[in-house]
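The values are calculated or read from the model by the stated rules, or taken from the named source; none is laboratory data. All values reported here derive from a predicted model rather than from experimental measurement. Cβ sites come from the backbone with ideal geometry, for glycine too, and all protein chains shown count toward neighbours.
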Amino acid sequence: MRSRALLACVTGLALLAAGCGGGNSPEPTAVSTPSSPPASAPLPPEAAPSPTKTKPPKPPLRALPAKLPGGLVRTTGVEQVALTFDDGPDPAWTPKVLDRLKAAKVTATFCLVGTQVRKHPDLVRRIVREGHQLCNHSWNHDLDLARRPVAEIRADLVRTNKEIRRAVPDAEVPFYRQPGGRWTAEVVRVAKQLDMRSLHWTVDPQDWAKPTAITIRKRVKRAARPGAVVLLHDGGGDRSATLAACPKLIAALKRDHGITKLR
Ligand SMILES: [Zn+2]
């Protein structure tokens, strides 16, 4: 899947940003900036539903739009940039990312996967306690969620928020981020009905693909513009390179733009 997706990116077939992608293994998307919409990655083969003999057939997936739908938050709206961490909470990486953020005296937005929240509610509590913001990243990182019936989308988002609030009663979850960046107008609308703004990004250094820390840092530095929303990962796999990139990456962003909380 990965090599195919990479190939698609390289050959320019991709149309929509993928960001943190498949299941626990995010997939590629081009580094992008506010002035150039993100490139995209194709649907990985394993993300397609595989009907079994025991289950009734699922309704067909709605088509992905050729362009990102309207209503997405893609910049901070101010000079300062914002950091977002996806696919956690993860006991191996989230505490270390939180340590780095604390040391740098900055806050970020954590896009949480419901099943991870269920396993690690203590980490959600720490995220909130340390002043970070929460974002719903679906129950189980379903790349196709935005293409499913509206009732299914709603049930998934509600279930995830419930789990977050089981960990932190009255937690604010002002954002939703669609796994893989595979947005549809429908998922944006459902998120809005549940009082969540749909959070996309402007800079994706593809840390999921485990480039070196230096490469992650360079990609962010090259693509960061005023108001950028930077996509990173604290879950979904070995995040040691992301972690190692953090101190200098954060210092550079602070120096060049300042880091703000998303509003
Ligand atoms: Zn993700």
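Among all residues of segment 173-195, there is at least one that is buried (at least 19 other Cβ atoms within 10 Å of the Cβ), within 16 Å of the ligand (Cβ to nearest atom), in a loop (DSSP other than H, G, I, E, B) and among the hydrophobic types (A, V, I, L, M, F, W, C). Of the listed requirements (1) within 26 Å of Thr260 (Cα to Cα); (2) more than 13 Å from the ligand (Cβ to nearest atom); (3) in a helix (DSSP H, G or I), Glu152 misses just one: (1).
Considering (1) part of a helix (DSSP H, G or I); (2) over 20 Å from Lys58 (Cβ atoms); (3) among the β-branched types (Val, Ile, Thr), the lone condition that Val106 does not fulfil carries the number (1). Within segment 237-249, being surrounded by fewer than 24 Cβ atoms within 10 Å (Cβ to Cβ), under 17 Å from the mean Cα position of the chain (by Cα) and not hydrophobic (A, V, I, L, M, F, W, C) holds for Gly237, Asp238. Criterion first (free of Cβ contacts under 8 Å to residues at least 12 places away in the same chain, closer than 20 Å to Leu231 by Cα and either outside any strand (DSSP E or B) or small (Gly, Ala, Ser) (or both)) does Asp99 satisfy it? Judged against the criteria, Asp99 is a match. It is to be established whether one or more residues within segment 212-221 are outside any helix (DSSP H, G or I) and under 18 Å from Thr84 (Cβ atoms). No: segment 212-221 contains no residue that is outside any helix (DSSP H, G or I) and under 18 Å from Thr84 (Cβ atoms). Among residues of segment 228-240 that are in contact (Cβ under 8 Å) with a residue 40 or more places away in the chain, those with a Cβ under 7 angstrom from a residue that is buried (at least 23 other Cβ atoms within 10 Å of the Cβ) and basic (Lys, Arg), sequence gap 6+ or separate chain, pair up as His233/Arg239.
Yes/no matrix, rows are residues, columns are (1) at pLDDT below 95; (2) touching a Cys at 6+ places or on another chain (Cβ under 7 Å); (3) crowded, with 23+ Cβ neighbours inside 10 Å:
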{"position": "Asn24", "(1), (2), (3)": "yes, no, no"}
{"position": "Thr75", "(1), (2), (3)": "no, no, no"}
{"position": "Pro89", "(1), (2), (3)": "no, no, yes"}
{"position": "Gln116", "(1), (2), (3)": "no, no, yes"}
